[in-house]
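The next block holds one structure in the form of structure tokens; read it before the comments.
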Amino acid sequence: MLYFLSICVYNITSTTLLQREKQRKKMDFQDNKARTIIDPVHYFNPEKQENFKIRTILNKIPCQINCDIVESGTTIGREGAFHHPYPFFTRVFVIEEGFAKFRSAGESCTLKAGGIYLLPAGKPFLISYSERKLYYFHLNLCDKGGRSLFSRNDPVYSMTAPGLFELFRQGFAADNGLAKQAGLICVLNQIMPEKSQTFQQQAELSMEFSLLFQYLDSHPLAQVTIEKLAELYGIGTSALSKRFSRKMKIPLKRFLTEKQMSQACEMLLYSPLKINEIADKLGYQDLQYFYRFFKKNAGQTPGAFRKNALAQTSPSPAPHSA
């Protein structure tokens, strides 16, 4: 079983935490089969607080978790219900007041005050809030190859930890990025052991398809073709597609489509870019091709998607719905 290193952050300021970790340089936790390393000087970087990584060695296989905090904030609002049909981001909710009722296919639960909850990416859901105050994160949690650590089949993860709850509360009150990061690592510490087998398999596949993932990271996705990817391996398109589908359990074409949709939705939701600028960043030379691609896969135009998301904005005072 993979264990993540617990970090004692509950009654320690983030500055003190960083000082102590710098002195120790690296911390190792040794189990019979797994070793986890967190390099705080590298990952707890005050100049780039929105990002951190955790490296893990599992059965001699190097693994890496990338955590990109796309957005975080505080929501104080009245009663309301919101539908999230395309949850491309993992959400973490820390509920201070009120409650929320979560519903998804085959699952329903109540998110209660004092609890910390992780809602997996890829899981469409409807959520109904009472009057509430909550802290939230929108996260890209992925492996080294950029694939999400969670899927629509994963459950909602919940935990009750008063010390961790207080860390988040104080971190948001002081806008302390290091405290928020430390809290998220503790959340992962609780959840990731359940995902260890899946995570190991993804790490192995990241190594096998490393050339493909590196190419996707360095090229506009709309200009990526299966023919170009097949050239990286010196094989035919059919052979690569079959190999990818067999290993990754998802057709290559669908994987490329979902990755492009994820980037498009992220820019529509969290950037001030105009739609034509988003299409240009994705590599489209004709804006109409982007419109057709997006509507085919999202069921609505990019403009309608952005407008509907803005319509779910919390009435006070947070800029976005959680």
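The values are calculated or read from the model by the stated rules, or taken from the named source; none is laboratory data. Note that this is a predicted model, so its numbers are computed, not measured. Virtual Cβ from ideal backbone geometry, glycine too; neighbours counted across all protein chains shown. The protein model used for the area step is the full one, side chains on, heavy atoms only, and it has no ligands, DNA or RNA in it. Shrake-Rupley method; radii C 1.70, N 1.55, O 1.52, S 1.80 Å.
Output the number of the condition that Asp154 fails; it satisfies all remaining conditions of (1) in contact with a Pro (Cβ under 7 Å, 6 or more places away or on another chain); (2) touching a residue at least 60 places away in the same chain (Cβ under 8 Å).
(2)
Could you go through region 266-283 and let me know if any residue there is on the phi < 0 side of the Ramachandran plot, touching a Ser or Thr at 6+ places or on another chain (Cβ under 8 Å) and open to solvent by 60 Å² or more (accessible area, probe 1.4 Å).
no
Take region 91-116 and flag every residue that is part of a strand (DSSP E or B), closer than 17 Å to Phe168 by Cα and within 21 Å of the chain's Cα centre (by Cα).
Listed by number, the residues that qualify are Arg91, Val92, Phe93, Val94, Ile95, Leu111, Ile116.
Quickly run through region 220-261 and pick out the residues that are closer than 20 Å to Gln285 by Cα and polar (S, T, N, Q).
Listed by number, the residues that qualify are Gln223, Thr225, Thr257, Gln260.
Mind counting the residues in region 137-163 that are crowded, with 22+ Cβ neighbours inside 10 Å and among the hydroxyl-bearing types (Ser, Thr, Tyr)?
Total satisfying the criteria: 0.
Kindly check whether there is at least one residue in region 117-135 that is open to solvent by 10 Å² or more (accessible area, probe 1.4 Å), part of a helix (DSSP H, G or I), among the polar types (S, T, N, Q) and out of contact with any Lys or Arg (no Cβ under 7 Å at 6 or more places or on another chain).
no
In this structure, does Glu166 turn out to be open to solvent by 70 Å² or more (accessible area, probe 1.4 Å), in a helix (DSSP H, G or I) and on the phi < 0 side of the Ramachandran plot?
Criteria not met by Glu166.
Being out of contact with any Gly (no Cβ under 8 Å at 6 or more places or on another chain), closer than 30 Å to Gln214 by Cα and not β-branched (Val, Ile, Thr), is that true of even one residue in region 93-102?
Looking for residues that are out of contact with any Gly (no Cβ under 8 Å at 6 or more places or on another chain), closer than 30 Å to Gln214 by Cα and not β-branched (Val, Ile, Thr), one finds none in region 93-102, hence no.
Out of (1) in contact with a helix residue (DSSP H, G or I) (Cβ under 7 Å, 6 or more places away or on another chain); (2) closer than 30 Å to Gly303 by Cβ; (3) assigned to a helix (DSSP H, G or I), what's the single condition that is false for Leu273?
(3)
Each row is one residue, and each column tells you yes or no for (1) more than 20 Å from the chain's Cα centre (by Cα); (2) at pLDDT below 90.
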site	(1), (2)
Asn45	no, yes
Lys48	no, yes
Phe52	no, yes
Leu58	yes, yes
Ile65	no, yes
Ile69	no, yes
Thr74	no, no
His84	no, yes
Phe88	no, yes
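Just to be sure I understand the filter: pairs with C-beta atoms under 6 Å, separated by 6 or more residues or on different chains, first member in region 215-229 and under 19 Å from Phe294 (Cα atoms), second member open to solvent by less than 70 Å² (accessible area, probe 1.4 Å). Which pairs pass?
Hits for this filter: Pro220/Leu282; Pro220/Gly283; Leu221/Gln260; Leu221/Leu282; Ala222/Leu282; Ala222/Gly283; Ala222/Tyr284; Gln223/Gly283.
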